[in-house]
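Down below is the structure, laid out as structure tokens.
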Amino acid sequence: MVEDARITAVHENLKRIQAEIDESIDRYPHPEMSLAGQKRTVQVMAVTKTVDPVLVNEAITGGVDLLGENRVQEYLEKRDSYLPETPVHFIGKLQRNKVKYLMNERISMIQSVDSLHLAEEIQRQAEKSGRNMDILLEVNIGGEPSKSGVAIENIEDMLYSLSKFSRIHVKGLMTIPPQEQVENFFCKMHQFFIDIRGKNIDNINMCILSMGMSADYTLAIKHGANLVRIGSALFGIRN
Ligand SMILES: *Cc1c(COP(=O)(O)O)cnc(C)c1O
């Protein structure tokens, strides 16, 4: 059972988050992150891990742009309870043998692609399903050995390889920066995004910069993020 108070809280949290995002966009316009002459937009993703689908559906009716799933098994158990329409992105550590479960049409993007090996399997499964898949490359911006993600010095080579994958469309970059000096890493990530976009690699359309979570989404927007992934600030602390 989900109590009314928790439902109300999701709507209040979402309103507050949306207001803070709008304020950050106004303060930091980042015209390089928007289409010519238009105000930039920031997509809000509700990160659903451990969250009751009833509450996820409240976030959907409240107007989040996307759902974010970390675990394949959990997604498969919950997806039939979700209200339709809102696209789902996969954002968690993904094993190659699980890729096939993400080929249903609701999954519109895999944000956590961290190796060519994984991309090859996505290409293979997408071909089998007769679909294309949008992806982001996950960047290990802090160079932390304990974290997944591609080292920045390897991203460019990887993009050149991916540009030949017929079923995969690279749409941008995702990162989870170190918690220490997070602002420096957001800044570095934005600069890297602009640099790599400037290379205009064939078939690579760098438009999404996915960074910022509950603790730091306004800071990420200050540094150009246009997709923020929010869990606990929306749904409450996970148990
Ligand atoms: C859990 C998670 C989030 C959201 O975390 P919060 O701090 O609860 O907002 C965002 N991105 C990824 C990849 C996650 O695993």
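The values are calculated or read from the model by the stated rules, or taken from the named source; none is laboratory data. Worth saying up front: this structure is predicted, and the values here are computed from it rather than measured. For neighbour counting, all protein chains shown are included, and Cβ atoms are generated from backbone atoms with ideal geometry for every residue, glycine included. Areas reflect the complete protein model, heavy atoms only, side chains present, ligands, DNA and RNA absent. Shrake-Rupley method; radii C 1.70, N 1.55, O 1.52, S 1.80 Å.
Under 5 Å from the amide H of I208 lie the amide H atoms of G172, L173, each residue being 5 or more positions distant or on a separate chain, with H modelled from the backbone and absent for Pro and chain starts. Sequentially through the stretch 232-239, phi angles give Karplus couplings (6.51, -1.76, 1.60; θ = phi - 60°) of 5, 5, 9, 9, x, 4, 6, 9 Hz, Gly and Pro residues having no value and appearing as x. Kindly identify the stretch 158-239 as rounded, prolate or oblate by the Cα gyration tensor criterion: order the square roots of the eigenvalues as a ≥ b ≥ c, call it rounded if a/c is under 1.5, otherwise compare a/b with b/c, prolate if a/b is larger, else oblate. Taking the square roots of the gyration eigenvalues as a ≥ b ≥ c, the stretch 158-239 is prolate. With a threshold of 23 Å on the Cα-Cα distance, the over-threshold entries among K78/K100; K78/K164; K15/K93; K49/K222; K15/K222 are K78/K164; K15/K93; K49/K222. What whole-number distance in Å separates the alpha-carbon centres of the stretch 81-148 and the stretch 165-189? The distance from the Cα centre of the stretch 81-148 to that of the stretch 165-189 comes to 15 Å.
Would you please classify the overall shape of the stretch 1-144 from the alpha carbon gyration tensor, given that a ≥ b ≥ c denote the square roots of the eigenvalues, rounded means a/c under 1.5, and beyond that prolate means a/b larger than b/c while oblate covers the rest? The shape class here is oblate. Annotation for the stretch 168-239: trypsin sites (Lys or Arg not before Pro) lying in DSSP loop with at most 14 further Cβ atoms inside 10 Å of their Cβ are K199, R238.
Quick one: among P145, P87, P177, which has the greatest mean-square fluctuation in a GNM of the chain with alpha-carbon springs under 10 angstrom? Evaluated over the chain, the most mobile residue of the options is P145. Of the residues M158, M109, M213, the one that moves most in a GNM of the chain with alpha-carbon contacts below 10 Å is M158. Residues of the chain were split at every exposed loop site, defined as GluC sites (Glu not before Pro) in a DSSP loop with at most 16 other C-beta atoms within 10 angstrom, and the longest piece left, sites excluded, is 4-84. Fully extending the segment from E85 to R131 would add 14.7 nm, taking 0.36 nm per residue of separation and subtracting the current Cα-Cα distance. Of the solvent-accessible surface of the chain, computed with a 1.4 Å probe over protein heavy atoms with every protein chain present, carbon and sulfur atoms account for 48 percent.
State whether the stretch 89-239 is rounded, prolate or oblate according to the following rule on the C-alpha gyration tensor (a ≥ b ≥ c being the square roots of its eigenvalues): a/c under 1.5 gives rounded; otherwise a/b larger than b/c gives prolate, and the remaining case gives oblate. Oblate. What does a probe at S232 reach in the stretch 51-90, counting residues whose amide N is under 15 Å from the point 7 Å along Cα→Cβ? Taking a point 7 Å out along Cα→Cβ of S232, the residues of the stretch 51-90 whose backbone N falls under 15 Å are 51.
Largest GNM mean-square fluctuation among A126, A36, A151, using the chain with Cα springs under 10 Å: A36.
The trypsin sites (Lys or Arg not before Pro) of the stretch 1-70 that meet both conditions, a loop assignment by DSSP and at most 14 other Cβ atoms within 10 Å of the site Cβ, are K39.
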